[in-house]
Every structure is written in C-alpha cells, then in structure tokens.
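Working notes for the structure below.
The values are calculated or read from the model by the stated rules, or taken from the named source; none is laboratory data. Computed from a predicted structure; not experimentally measured. No Cβ is skipped: glycine too gets one built from the backbone with ideal geometry, and neighbour counts run over all protein chains shown.
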Amino acid sequence: MLRRLTIQRLAFLRAADLSWGPGLNILTGETGAGKSLLIESLGVLLGFKADLPPISEKALIEAEFSPVPAALQPHLEEPTDTLWLRCELLPSGRRRLFLNDSPTSASTLRSLAYYLVEIHSQHETQQLFQAPFQRELLDTYADLTAEVEAYRATYERWRALTDKVATLRSQEAQAAARLAWLTPQLEELEALRLSPEEYAALEKTIRRLEHQEQALALLSHWHHQLAEAPHAPLTVLREAEKSLGRLPLPELPSILSQLEQARLLLGEAASQIEALLNDFTLDPAEAQQARERYDACNSLLLKYRVPTLEALLDLREKLRSEYQALLTQQSQLEPAEKELQALTASLLEQGYRLELARLAAAQALADEVEKHLAQLGLSHARFHIAVERLKNPQSPYTWEGEGVELTPYGFSSVTFLLRTHPQLPLAPLSEVASGGELSRIMLALKAALAEKVQLPTLILDEIDTGLSGEGARRMGEFLRGLGQRLQIILITHLPAIAAQPGWHFRIWKEATPDGAWETRVQRLEPEERVQEVARLLSGQPPSQGALAAARELLASAERY
C-alpha cells in the first residue's frame with residue numbers, strides 16, 4: 001500500500017508531502033491544477049517514462065510502500081516490511097533511482113511496480129480490447145500464474161529444440177553430400193600412410209638412384225667403347241702390334257713396347273670399369289617401387305595444392321576432424337527428434353490443462369463481472385468469456401484428433417464478449433462497448449479479481465468520464481465497496497463520487513509572490529469537503545443551494 005508520496009521542485013509542484021489512506025482516496029481539483037502531473041510523477045518513480053515539464057534544478061520524488069505485498073518479497077534481495085523509493089531528476093533529463101537508499105535501475109523498478117501500483121485512465125481501458133490483456137485477467141482470476149509460467153518455460157525449450165531439429169534436418173542433406181565427397185579423399189590420404197621422415201628418405205633414395213643410374217650408364221658406355229666396340233682402342237692396339245711386328249725395322253721394338261704398355265694400361269682401365277659395373281647392386285623392382293611411392297605422394301601434393309608433406313598431413317587431419325564432426329552431427333538428429341517428440345507431448349498436455357482451467361474459471365468470472373456490472377447500473381448487460389481452441393488443420397501438432405496452433409500461452413484463445421441490450425447478440429468488447437461501459441467493465445473485473453487475489457494500489461485517473469446522475473452515484477458506491485478490499489487513489493470531477501467516504505484531497509494552483517504559479521495539495525477536513533463538493537456541483541464560489549446539496553450528498557454517501 002502507498003503510505004506516503006513526497007515531491008519537491010518538480011515544475012510547479014514545488015512541495016507536496018501526502019499521506020494516503022488504506023481505502024478510497026479521492027483527488028479533486030480544477031482542470032490544469034496538476035492532478036495528472038502528480039500521477040505521472042509516481043510513474044517516473046516506478047521506472048516508467050513520462051512527459052514531465054522541464055526543470056531548472058534537481059527535483060525529488062519519494063514514496064513509501066507498507067506493508068510490502070507477499071508476492072513481491074521473493075523479488076527483493078532481503079525481506080522487508082517497508083519499501084522506500086526515491087527518484088532524483090536532474091535538469092539535464094537524467095534521473096537516479098534508489099530502492100531503500102540503494103541505487104537501482106528503471107527496469108528493476110518496473111518489474112516491482114506490477115506488485116505495487118496499477119494506473120488506469122480512460123484511455124488505458126482500451127487494453128480491454130486486447131486479447132493478451134483479456135487472457136491475463138482470466139489467468140489471474142483462475143490463479144494460473146505458476147501454471148502459465150511453467151508452460152511458457154516448456155514452450156521456450158520446445159521452440160529452441162524445434163529450431164535445433166529443423167537446423168539438423170536442413171543440414172543433413174548437406175552433411176551427406178559433404179561426407180560423400182570427404183570419404184574418397186580421406187581414403188586416398190589415409191592409404192598413403194607416409195610420414196615426413198619416410199618422405200625425406202624417399203627423396204634421398206631417389207637422388208641416389210638417379211646418381212647410380214647415371215654412373216652405370218656412363219661406365220657401361222665407356223667399357224663398351226674401350227673394350228667391346230668394333231673399333232675399341234684395345235682392339236686397335238692389338239691389331240697395330242700384330243701388323244707392325246711383321247716389319248723388319250730396328251726401331252719397331254721400342255714402338256711395339258710402347259703400344260703394348262698402352263694396351264695393358266687400357267686393358268687395366270677397362271677391367272676396373274668392368275669391376276665397378278659388377279659391384280653395382282641396383283634393384284629395378286626396388287627402384288620402381290620407390291619411384292611409384294614418391295610420385296604418388298607428389299601427385300597428392302599437386303592435387304591438394306599444398307607445398308609440403310606436413311601441410312598435406314595437416315589437411316588430412318582437418319578433413320578427418322570435419323568427417324567426425326559430420327558423423328556426430330548426423331548422430332544428434334535422431335535423439336533430438338525423440339526429445340522433441342516427448343517435449344511436444346508434454347507441451348500439449350500442459351496446454352490442455354490450461355484450457356480446462358480457463359474454461360472452469362471463465363463462467364465464474366463472467367458471473368462475478370455481471371453481478372458487479374449490475375451494481376454499476378448495467379443490469380441488462382450480459383458478459384461472457386469465450387475460451388476457444390486455436391485449431392489449425394495444417395498444424396503437425398494435434399490434440400484430440402485436431403490440429404492446434406501452439407502459442408506461448410497454450411493452444412486456446414480468450415475473448416471477452418458483451419451484450420448491452422437483451423435484443424442484441426453477444427459481441428467482442430471492441431464492437432459494442434462505449435467508453436463509459438469500458439470503465440465500468442474494468443472496475444467490475446478489478447472487483448472480481450480483488451475477491452481472489454491481492455491487488456496493488458489502484459490509481460484511477462478520471463475513469464468515470466462520460467458518467468453522470470445515477471450512473472455516477474452507482475459508481476461511487478461501487479468504488480466505496482471496492483475500497484474496502486484494496487487501496488484506491490481516484491481522480492474525479494463528479495460530485496457523487498467525490499462525496500463517497502474516504503480520504504479527500506484537493507489540488508489547486510495559486511499565484512506566488514514572484515508572479516508565478518504553484519500547485520498545492522491538501523487533505524480536506526469535513527467542512528472543507530462540503531466546500532469542494534459544492535464547487536463540483538455549481539462552480540466557484542459555491543451557492544448556498546450547492547452547499548446544502550453537498551451536505552446532503554455527503555450525508556447520503558455515509559448512510560450507505
């Protein structure tokens with residue numbers, strides 16, 4: 001409950017220090033006196049934005065709430081009996097917010113505001129046209145808050161898992177195609193089974209083989225040229241010795257000796273070359289195998305466009321990791337689908353339980369609202385709450401053989417229907433309800449909820465617009481009764497409502513010595529209430545007849 005509201009230096013609200021009563025608190029005053037600014041300042045204090053007038057110095061808004069609603073305690077850092085809220089507004093437009101003297105954020109205060117204050121104006125009754133608001137009211141009446149939150153938690157997990165399964169399914173074809181490409185590549189790379197050390201040894205072997213083959217070719221060539229060719233030097237030298245030996249010349253023995261020595265030397269050289277040839281152990285099969293393995297490795301280097309065997313092996317590991325990841329990804333789909341199937345069944349079951357609970361509560365709430373509407377002067381009105389299943393023949397999710405549309409709040413819709421005349425059919429509120437009727441429907445709903453749950457302080461900003469005469473009197477009596485169950489702060493211009501028992505505040509503007517204007521707020525004493533109700537009846541200054549009528553109005557309100 002709002003115990004106290006203090007405002008300092010907020011435009012023309014220079015100093016207001018107001019204590020509020022536990023039931024009906026009535027606020028009256030001339031148009032433009034600052035009633036709306038008073039309410040907007042409370043909204044700013046609760047973390048909401050408002051169009052406040054500019055200020056030239058720091059302004060302060062403070063409020064005391066006590067006792068603290070039990071539902072709010074779990075949202076606080078520690079249990080407390082009193083909440084102190086403070087907002088410091090700076091000329092720059094910045095604001096600093098405090099909760100029990102500790103700095104806090106606007107979002108934190110907005111989350112707490114739900115349990116502290118509910119502000120309604122003639123404009124805000126338009127919420128009644130909105131399906132989400134209608135559903136929330138019914139769920140609150142049916143005490144389904146915990147069940148709805150449990151359903152929403154399941155729904156969020158279901159949505160996330162649905163997205164995951166959809167992603168896995170869309171990736172499955174891509175993964176299969178990628179695996180089909182990866183498999184032969186990996187088989188090719190795995191079959192090589194070559195290490196950097198072995199590749200280096202192969203390179204060394206290939207170089208050695210190339211040297212050996214070159215040497216063998218040269219040795220064979222020159223052995224042939226020296227000893228085996230038709231005009232080989234050894235053959236020529238033998239023929240020369242034989243031919244010249246027949247000549248009877250004294251100089252020949254010396255020449256023949258030299259030819260013999262040359263032949264012997266060449267023969268020795270040829271023999272040594274032959275010995276070298278015999279010493280070579282080149283295995284053609286081994287050479288072929290080495291070349292094939294070396295060429296195969298170089299072919300892969302060229303195919304995969306990598307410069308070294310190390311890079312090729314790194315590529316093999318990368319492809320191997322990708323292959324395993326794709327296999328793992330494929331293995332995730334089946335268990336994810338099974339989990340989604342189970343979660344869908346659970347979600348449908350929870351949605352059905354919400355539907356049953358809403359159906360059970362809808363009639364009871366409608367009956368309560370009709371009772372209160374009669375008290376508010378709408379005795380012929382019929383109020384009905386339609387809870388209907390959201391059917392979708394194309395939906396893959398079925399309940400009781402029907403395709404249903406799953407939403408964050410179940411698979412049923414809630415629609416408020418109204419009939420204002422016996423000859424008219426029930427129709428959605430937006431099609432049949434006037435502004436005054438909406439105000440009374442809102443109050444009837446609040447009254448029904450107040451009998452089931454603890455409501456926060458209810459601030460009604462001229463919610464009685466459009467009413468007069470008997471309608472105003474009935475609403476006044478109704479608000480007085482509602483004020484016995486919760487705290488109400490009511491801004492009104494209607495005498496019949498202003499005369500109801502409760503704390504009465506008057507707000508007005510008066511000139512200051514410097515020629516400016518300043519807003520004043522004062523709780524009225526009994527005689528001052530007479531003056532104010534009379535002003536509402538006839539204007540300022542009130543006539544004697546208005547004063548008498550005001551006394552009668554106040555006395556009549558006290559008697560009921």
Self-check item: Residue count, the stretch 16-40 (criterion: over 21 Å from Gln531 (Cβ atoms) and at pLDDT 90 or above)
Solution: 5
Self-check item: Contacts under 8 angstrom Cβ, first residue in the stretch 130-152 being touching a residue at least 12 places away in the same chain (Cβ under 8 Å), partner basic (Lys, Arg) and surrounded by fewer than 20 Cβ atoms within 10 Å (Cβ to Cβ), 6 or more apart
Solution: Thr140/Lys452; Tyr141/Lys452; Asp143/Lys452; Glu147/Arg353
Practice problem: Please indicate, with yes or no, whether at least one residue in the stretch 444-453 is among the charged types (D, E, K, R) and either touching a Cys at 6+ places or on another chain (Cβ under 7 Å) or part of a strand (DSSP E or B) (or both). | Solution: no
Practice problem: Return the total of residues in the stretch 485-520 being outside any strand (DSSP E or B) and either within 22 Å of Leu455 (Cβ to Cβ) or small (Gly, Ala, Ser) (or both). | Solution: 13
Quiz prompt | Failed item, numbered, when Leu424 is tested on (1) surrounded by fewer than 21 Cβ atoms within 10 Å (Cβ to Cβ); (2) assigned by TED's automatic domain parsing to the domain that holds Gly21; (3) modelled with pLDDT under 85 | solution = (2)
Self-check item: Lone qualifier among Glu462, Glu558 - being loosely packed, with under 15 Cβ neighbours inside 10 Å and under 22 Å from Trp20 (Cα atoms)
Solution: Glu558
Quiz item: Has the stretch 68-81 got any residue that is free of Cβ contacts under 8 Å to residues at least 60 places away in the same chain and more than 34 Å from the chain's Cα centre (by Cα)?
Solution: yes
Quiz item: Glu156: charged (D, E, K, R), exposed (fewer than 14 other Cβ atoms within 10 Å of the Cβ), in a helix (DSSP H, G or I) and at pLDDT below 90, yes or no?
Solution: no
Quiz prompt | Number of the condition not met by Asp163 [criteria: (1) in the same structural domain as Leu42 (by TED's automatic domain parsing); (2) more than 30 Å from Ile385 (Cα to Cα)] | solution = (1)
Quiz prompt | Near pairs, Cβ below 8 angstrom, 6+ apart or cross-chain, from the stretch 380-398 (among the aliphatic types (A, V, I, L, M)) to any residue that is in a loop (DSSP other than H, G, I, E, B) | solution = Ala381/Thr420; Leu390/Glu405; Leu390/Phe411
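Residue by residue, here is whether (1) at pLDDT below 80; (2) within 19 Å of Phe133 (Cα to Cα); (3) among the acidic types (Asp, Glu); (4) out of contact with any His (no Cβ under 9 Å at 6 or more places or on another chain) holds:
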site: Leu438; (1), (2), (3), (4): yes, yes, no, yes
site: Pro456; (1), (2), (3), (4): no, yes, no, yes
site: Ile459; (1), (2), (3), (4): no, yes, no, no
site: Glu462; (1), (2), (3), (4): yes, no, yes, no
Quiz item: For Thr407, are the conditions met, namely being of a type in the set (S, T, N, Q) and within 19 Å of Leu347 (Cβ to Cβ)?
Solution: yes
Quiz prompt | Subset tally (residues that are surrounded by fewer than 14 Cβ atoms within 10 Å (Cβ to Cβ), within 20 Å of Leu137 (Cβ to Cβ) and of a type in the set (A, V, I, L, M)) for the stretch 339-363 | solution = 2
Exercise. Report the residue count in the stretch 199-221 for those that are surrounded by 14 or more Cβ atoms within 10 Å (Cβ to Cβ) and either aromatic (Phe, Trp, Tyr) or at pLDDT 75 or above (or both).
Key: 1
Exercise. Check the stretch 48-64 and report whether any residue there is closer than 18 Å to Asn100 by Cα and outside any strand (DSSP E or B).
Key: no
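Here is a yes/no grid of residues against (1) farther than 21 Å from Gln487 by Cα; (2) surrounded by 21 or more Cβ atoms within 10 Å (Cβ to Cβ):
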site: Arg3; (1), (2): no, no
site: Leu10; (1), (2): yes, yes
site: Ser19; (1), (2): no, no
site: Gly23; (1), (2): no, no
site: Glu30; (1), (2): yes, no
site: Leu42; (1), (2): no, yes
